[in-house]
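Pasting a structure below so you can have a look.
What follows is calculated from the coordinates using simple rules that are stated; it is not laboratory data. Keep in mind that this is a model prediction, so the values were computed, not measured. As a convention, Cβ positions derive from the backbone with ideal geometry for all residues, glycine included, and neighbour counts pool all protein chains shown.
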Amino acid sequence: METIKLTTIKKEVVVQASQDTAFKVFTEKMDAWWPKTHHVGKCPMVESVLEQKPGGRWYSRHEDGSEVNVGHILTWDPFRQVILAWQIDGNFQYVPELITEVAVDFIPDGPKTTRVILEHRDLQKLMGGAKVVESMDEGWGMIMNLYKKVTDEA
Amino acid sequence: MTALKLDELALNALGDPTRRAIFEKLEKGPMSVVHIADGLPVTRSAVSQHLKILKEAKLISMKQKGTRSIYQVEQEGLLAIRKYLERFWDEALDNFKKLAEEAERNKTSKK
C-alpha cells in the first residue's frame, strides 16, 4: 500500500552575511525569527531560548512566567552546524518521547555570503510514526497508556 | 473556504491519541470498523466517531465493500500537514534571512 512518507522537509536560503553571523543569529536570536504565531504552551510566548552548548536546552518563556520545553541540542559545531531535537508534535505540544531532527548547515559561499540548509527530518514521527510502530509489538494497552501519560502531562 | 482549514482539521484529528492509534493501524492497510476497533480500549461507537473526524480531515477515506465499510489512509490530509510545516519554516527562514543580513550590516558599519 502506498502512503506518503513525510520524511524530510528541506529548505535552503542564501543570506548576505558571514558564516559566523549567520550561525549566531540563528542560535542566539531564535526568539526574533521564530514565527510568533506558532508557540508551545497555552499562554502567549515572551521569548524562545536556546542554551549555547552541546546538549543545551531549547525552551520558551511565556507571559505567565512558565517555561515550556521545545527540545534540545544534539550537535553543536559552531559555526558550521547545529542539530536540534525538535520534541514538539504537529500541534506544537511538547512530547518528550517524540524526537524529530532539525539539522542546519551553514556553508560559506564567500566572505559575506552563507548558504543555510535546513532539514527537518523524520517527519513521519509527527504522524504518530516510528515510536508507535516500535511499540506495536508490546501491545496496544501499553501504547494507550503511554499516550495517556503524554496527554496528561501536556 | 470551510470554517477550519484542512491542515488544522488534520492536526486536530491527529492530536488525539486514539485517533493517532487508529490512523497508525490503517497505515498498515485498509480494514473494516470491526478490525479497527479490535484491541482498542474504546467502544465501537467511539471508534465510529473517531473515524468520522479522521474522514473529515481527509486523513482517511471509506469505501463500501458489499455490506461492509472499509477504511483506508488518504494522502490529502497528510500533505496538508506537510505543507503546514513547510509554511512554518518558510516564514521562519524569511525572518532569519532579514535578521542575519541586518546583523551583518551593523557589524560592518561599526568597523
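Based on the Cβ-Cβ distance from A:V46 to B:E76, what FRET efficiency comes out when R0 is 41 Å, to the nearest 0.05?
0.65
Going by how many other Cβ atoms sit within 10 Å of their own, how do A:V82, A:V49 line up, fewest first?
Going from sparsest to densest Cβ surroundings: A:V49, A:V82.
Subtract the Cα-Cα distance of B:H35 and B:T108 from 0.36 nm times their separation in residues, and report this length gain in nm to one decimal.
Contour length minus the Cα-Cα distance gives 19.7 nm.
Using the Cβ atoms and a cut-off under 12 Å, what net charge is assigned to the surroundings of A:D31, where Lys and Arg are +1 and Asp and Glu are -1?
Neighbourhood net charge equals +1.
At 0.36 nm per residue, minus the direct Cα-Cα distance, what do A:R121 and A:F92 gain on full extension? Give it in nm, one decimal, please.
Difference between extended and current length: 8.8 nm.
Which three lengths, in whole Å and largest first, does segment A:8-126 cover when its Cα atoms are put on their principal axes?
If we take the Cα atoms of segment A:8-126, the spans are 43, 31, 26 Å.
Sort largest first and round to whole Å: the equivalent ellipsoid semi-axes of segment B:6-85, each the square root of five times a Cα gyration tensor eigenvalue.
Output for segment B:6-85: semi-axes of 21, 14, 10 Å.
Quickly estimate the mean residue ellipticity at 222 nm for chain B, helices only: each DSSP H run with n ≥ 4 gives -39500 (n - 2.57), and the total goes over all residues, rounded to 500.
Helix contribution divided over all residues of chain B: -22000 deg cm²/dmol.
Between their Cα atoms, which of B:K55/B:K98; A:K11/B:K63; A:K10/A:K112; A:K10/B:K63; A:K53/B:K97 are more than 31 Å away from each other?
B:K55/B:K98; A:K11/B:K63; A:K10/B:K63
What is the order of A:V25, A:V68, fewest Cβ neighbours within 10 Å to most?
A:V68, A:V25
Then there's this: To the nearest 20 Debye, how big is the dipole of segment B:6-85 about its Cα centre, given +1 on the beta carbon of each Lys and Arg and -1 on that of each Asp and Glu?
So the dipole magnitude of segment B:6-85 works out to roughly 260 debye.
Ranking A:H72, B:H35 by Cβ neighbours within 10 Å, fewest first, what do you get?
Fewest-to-most ranking of A:H72, B:H35: B:H35, A:H72.
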